[in-house]
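No lab work stands behind these numbers, since they all come straight from the coordinates. This is a predicted model, so every value here is computed, not measured. Quick reminder, even Gly has a Cβ in these numbers, built from the backbone with ideal geometry, and neighbours come from all protein chains shown.
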Amino acid sequence: MTLTAVPRPQLRVLMVCMGNICRSPTAEAVLRRKLTQAGLAAWVEVDSAGTLGSHAGCPPDDRSQRHALRRGYELGHLRARQVQESDFQHFDLILAMDWVNLASLQKACLDPALAQSKLRRLTEFIPARSPLVGAEVVGDPYYGGPEGFEAVLDLVEAACEGLIDHLHQRLSAMGRP
């Protein structure tokens, strides 16, 4: 029997919103599926976290789970956690869902050079060909209706398309698939 070596992740991506129960777990699930479809899942580690720890240990919001499941994304196994100081070292890209969370991440990161190189908004990756290009943030759907959760999915799916292209380019530059 021949054992095939499983590649270790070469890039690590952290999705971040405020409570880690709506937007960032959705983004984590969407990116995981797109990585699998692109054949890059073994090369990229994906996680999500919140800038606040008030929901730590909780599953994603039921509404997020329902809307995501309608599009084939399973969120039920995920659990909220707060961003840790070690995340700034561990992850190559830390993607905030909005300006407020980006500012929180920048403040929490003790190394300004590290923050400059790793912290971005997810919406920066929406491709120019997308009708959603120009969207600055993935808005928080928590206090709204169903349309907010659908808007989150639309924006996250679009941004993850561009993010896959970006990750593929970075992996290629590293001599990976």
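The table below lists the values:
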{"quantity": "Members of the stretch 79-109 that are touching a residue at least 40 places away in the same chain (Cβ under 8 Å), in a loop (DSSP other than H, G, I, E, B) and of a type outside the set (Val, Ile, Thr)", "calculated": "ALA80, ARG81, PHE91, ASP92, MET97, ASP98"}
{"quantity": "Residue satisfying condition, being within 16 Å of the chain's Cα centre (by Cα) and over 25 Å from GLN37 (Cβ atoms), within set VAL83, VAL138", "calculated": "VAL83"}
{"quantity": "Selection from the stretch 119-147 of residues that are in contact with a helix residue (DSSP H, G or I) (Cβ under 9 Å, 6 or more places away or on another chain), surrounded by fewer than 20 Cβ atoms within 10 Å (Cβ to Cβ) and either in a helix (DSSP H, G or I) or of a type in the set (A, V, I, L, M) (or both)", "calculated": "GLU124, ALA128, LEU132, VAL133, ALA135, VAL137, PRO146"}
{"quantity": "Check on LEU114, part of a helix (DSSP H, G or I) and crowded, with 21+ Cβ neighbours inside 10 Å", "calculated": "no"}
{"quantity": "Count of the stretch 8-37 residues which are buried (at least 18 other Cβ atoms within 10 Å of the Cβ) and not in a helix (DSSP H, G or I)", "calculated": "12"}
